[in-house]
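Peer 1: Before we start, here is the structure in question, set down as structure tokens.
Throughout, read-outs are computed from the coordinates displayed, never taken from laboratory work. It should be emphasised that the depicted structure is a prediction, and the values quoted were computed from it without experimental measurement. Note that each Cβ is placed from the backbone with ideal geometry, even for glycine, and that neighbours are counted across all protein chains shown.
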């Protein structure tokens with residue numbers, strides 16, 4: 001009995017260490033960058049299933065110039081509309097990421113280029129994603145929003 | 001085996017968290033209309049990030065103050081926030097909501113509706129400060 005209790009205690013210790021290691025800042029950023037790659041691929045290939053797989057069932061998405069969307073059904077419709085546009089480029093840039101408990105928030109920039117009938121146009125955005133750890137250890141989007149990036153002339157750097 | 005995979009999911013729209021952010025929202029509404037910039041900037045943490053619509057990412061209190069100073073170049077006659085959802089824990093609250101600001105400029109008033117996500121962090125003092133503040137417009141401004 002004491003042997004089994006000792007094994008169990010060791011296992012708990014290893015698990016706790018693994019969790020702590022994954023929450024080092026480098027670990028957090030690496031995790032987010034992995035998720036960003038999946039996100040970029042999903043958008044580049046207009047893969048609705050793949051992009052929706054990144055969201056929790058009851059996620060809340062606040063897209064630019066639209067109402068608040070709650071739940072996968074509503075969010076899926078928004079992405080379906082987004083995928084009607086022709087995107088020549090969609091790159092995510094990580095600005096900051098911070099973990100706390102089961103959540104990681106990610107602040108970043110999106111660098112996009114849209115194909116237009118008579119040329120192309122850049123789309124620069126900034127965004128916040130809040131990811132939540134799921135029971136299987138993966139992260140899904142809990143909250144997401146974005147707006148336009150505009151470099152103002154008047155507020156100094 | 002019992003502990004493995006056990007993830008404590010914070011209850012969404014926990015009444016206590018809702019009460020906290022509604023109180024913070026009410027405070028922010030008053031400060032914005034009164035243009036009390038010192039107290040307003042004090043609602044942000046030192047390393048906070050502010051992502052206003054039509055701007056860049058502003059980090060830290062000096063930059064955030066400058067943005068609010070620019071905002072107050074117009075007269076904000078009304079400012080309202082309505083929390084729709086809260087999640088997280090008492091240490092860190094994730095708030096989504098909607099609101100509007102009514103501004104007066106050159107004798108003309110206009111209303112801008114927006115929606116937002118705020119991340120509030122409890123400080124060692126027990127008070128809450130914003131660590132991320134982002135909003136965007138609902139529909140194009142007329």
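Peer 1: Taking the alpha-carbon centroid of each part, what is the distance from region A:32-61 to region A:89-129 in angstrom?
Peer 2: Answer, in whole Å: 12.
Peer 1: Run the numbers for residue A:34 and residue A:124: contour at 0.36 nm per residue of separation, minus the present Cα-Cα distance, in nm.
Peer 2: 30.3 nm
Peer 1: Let me ask you something else. For B:59-72, what's the mean count of beta carbons from other chains sitting within 10 Å of each residue's beta carbon?
Peer 2: Going residue by residue through B:59-72 and averaging, the value is 1.
Peer 1: Quantify how strongly other chains surround peptide B:115-121 by giving the mean number of their Cβ atoms within 10 Å of each of its Cβ atoms.
Peer 2: That works out to 5 on average.
Peer 1: Now for a separate question. Based on the Cβ-Cβ distance from residue B:71 to residue A:136, what FRET efficiency comes out when R0 is 35 Å, to the nearest 0.05?
Peer 2: Taking R0 as 35 Å, the efficiency between residue B:71 and residue A:136 is 0.20.
Peer 1: Please compute, for peptide A:102-108, the average count of beta-carbon atoms on other protein chains lying within 10 Å of each residue's beta-carbon.
Peer 2: The per-residue average across the peptide is 4.
Peer 1: Now for a different question. What is the packing order of peptides A:66-75, A:125-134, taking the mean over residues of other C-beta atoms within 10 Å and listing the highest first?
Peer 2: Averaged packing, sorted descending, gives the order A:125-134, A:66-75.
Peer 1: Once you keep just the Cα pairs under 8 angstrom separated by 6 or more residues, what percentage relative contact order results for region B:23-111?
Peer 2: Relative contact order, region B:23-111: 23 percent.
Peer 1: For the pair residue A:65 and residue A:81, how long in nm is the line joining their label points, each one 7 Å along Cα→Cβ?
Peer 2: 1.0 nm
Peer 1: So, one more: Compute the length gained on full extension between residue B:124 and residue B:35: take 0.36 nm times their separation in residues and subtract their Cα-Cα distance, giving the result in nm to one decimal.
Peer 2: 29.3 nm
Peer 1: How are the alpha carbon pair distances in region B:20-137 distributed across 10 Å bins from zero to the largest one, expressed in percent?
Peer 2: Spelled out per bin, shortest first, that is 13, 48, 33, 5, 0.
Peer 1: Tell me, in nm to one decimal, what length is gained between residue A:53 and residue A:74 on full extension, where the rule is 0.36 nm per residue of separation less the Cα-Cα distance?
Peer 2: Result: 6.2 nm gained on full extension.
Peer 1: Mind pulling up the Rg/Rh value for the protein assembly as shown? Radius of gyration and Kirkwood radius, both on Cα.
Peer 2: 1.00
Peer 1: Could you compute the FRET efficiency for residue B:13 and residue B:46, with r as their C-beta to C-beta distance and R0 at 22 Å, rounded to 0.05?
Peer 2: After rounding to 0.05, the efficiency reads 0.15.
Peer 1: Kindly rank A:41-48, A:57-64 from highest to lowest mean number of other beta carbons found within 10 Å of each residue.
Peer 2: Ranking, from highest mean packing down: A:57-64, A:41-48.
Peer 1: Taking R0 as 30 Å, what's the FRET efficiency between residue A:94 and residue B:139 from their Cβ-Cβ distance, rounded to 0.05?
Peer 2: FRET efficiency, residue A:94 to residue B:139: 0.50.
Peer 1: Label-point separation (nm) for residue A:114 and residue B:82, each offset 7 Å from Cα along Cα-to-Cβ?
Peer 2: About 2.9 nm separates the two model spin labels.
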